[in-house]
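Some notes on the structure that comes next.
The values are calculated or read from the model by the stated rules, or taken from the named source; none is laboratory data. Nothing here was measured: the structure is a model prediction, and the numbers come from that model. Positions of Cβ are backbone-derived with ideal geometry, glycine not excepted, and every protein chain shown enters the neighbour counts. All accessible areas refer to the heavy atoms of the entire protein, side chains included, with ligands and DNA or RNA removed. Shrake-Rupley method; radii C 1.70, N 1.55, O 1.52, S 1.80 Å.
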Amino acid sequence: MKERNYNRRYPHEYNLFRTLFYMSFLYCVVVPFMKIFYNCKITGRHNLPTRAKSGKFLYTANHVSHFDPPMVSMACNRPIAYMAKKELFQKGDKFEWLVKRLGAFAVDRTKPEIATFKTVRDILATSWSLGVFPQGGIRPYGSDLSNLKKGFIVIAKNAKADIVPVAIAGFDGYPKLKPFTRRNVHIHVGKPISYKLSDDEIMYEWCKQISEHADYVNTLENPENINKVVQ
């Protein structure tokens, strides 16, 4: 039997049952785990879109660990389908079972496909939101944001979806299996950025908000530096 390609997912996959599974996993696994192993501070929830401001949204965060997707979903308190590298969907990968059942979809980072945009369109036609990491992969904290992938802006404009920046700050590592020892992390939900802005304005605003609340130097304080951080 041919292996399914998870770069194409459909609206019926984001039904009530998957939503219930997702939120149950969030509240029964992720939240208790974070409370036990982390001093987790969440701020900026007042910036989250409400039902009165319903619409399509991309949740976009800096990427510092494998825990980022569940941490972003926990902070935003909603089902988010994440764009993930195709290798995570291969048999034998330690995250394969979860990424498939939690609604993620596969992306070939070296060759964008039309199926990706169709999947984005279908996800955003449901009650789910979309999650993207502009850094393209896990990056340790550095002095600045660099090598950002502009694809999240292309997706936002194509889907007519506003962008919600989420800053993950102060993450000091994976859990220590020692009693009474907890790691730290601070998650800040930023103000939505309109997809109607120019590409450079979106990138500038995203870097500005992430830098203000996470451990980065904002090299885009001068918009002329835009080409230095974008690939």
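Per residue, the solvent-accessible area of the chain (1.4 Å probe, heavy atoms of protein chains only, all protein chains present) comes to 53 Å². Which of the three applies to segment 170-219, rounded, prolate or oblate, going by the alpha-carbon gyration tensor with a ≥ b ≥ c and a/c under 1.5 meaning rounded? Prolate. Exceedance of the 23 Å cut-off in Cα-Cα distance is limited, within the set LYS94/LYS191; LYS35/LYS208; LYS86/LYS150; LYS35/LYS85; LYS94/LYS118, to LYS94/LYS191; LYS35/LYS208; LYS35/LYS85; LYS94/LYS118.
Only Cα pairs under 8 Å and 6+ residues apart enter the sum, and on that basis the relative contact order of the chain stands at 27 percent. The 3J(HN,Hα) values that the Karplus relation (6.51, -1.76, 1.60; θ = phi - 60°) gives for segment 128-136 are, in residue order, 8, 10, 10, x, 9, 10, x, 6, x Hz. Gly and Pro appear as x.
Return the carbon/sulfur percentage of the accessible area of the chain, one whole number, probe 1.4 Å, all protein chains in place.
On the way: 6940 of 12280 Å².
Exposed carbon and sulfur together represent 56 percent of the surface.
Taking the helices alone, the chain has a mean residue ellipticity at 222 nm of -8500 deg cm²/dmol, built from -39,500 (n - 2.57) per DSSP H run of at least 4 residues and averaged over all its residues. In sequence order, segment 11-19 has phi-based couplings of x, 5, 6, 9, 8, 4, 5, 5, 5 Hz under the Karplus curve 6.51 cos²θ - 1.76 cosθ + 1.60, θ = phi - 60°, and Gly or Pro positions carry x.
The aspartates and glutamates within cross-link reach of LYS91, meaning a Cα-to-Cα straight distance under 16 Å and a gap of 8 or more places when in the same chain, are GLU3. Computed from the Cβ-Cβ distance with R0 of 30 Å, the FRET efficiency linking LYS150 to THR43 stands at 0.60.
For VAL164, the residues whose modelled amide H falls within less than 5 Å of its own, excluding neighbours fewer than 5 places apart on the same chain, are LEU58, TYR59, THR60, ILE193.
If you take the square roots of the eigenvalues of the alpha-carbon gyration tensor of the chain and sort them as a ≥ b ≥ c, do you get rounded (a/c under 1.5), prolate (a/b over b/c) or oblate?
Numbers: a/c = 1.37, a/b = 1.04, b/c = 1.32.
Since a/c stays below 1.5, the shape of the chain is classed as rounded.
Close amide H partners of GLN135, meaning residues 5 or more places away or on another chain with modelled amide H under 5 Å apart, are HIS63, LYS149.
Dipole orientation for the chain: of the candidates SER127, THR60, CYS28, CYS28 has the Cα lying most toward the positive pole (charges on Cβ; Lys, Arg +1; Asp, Glu -1).
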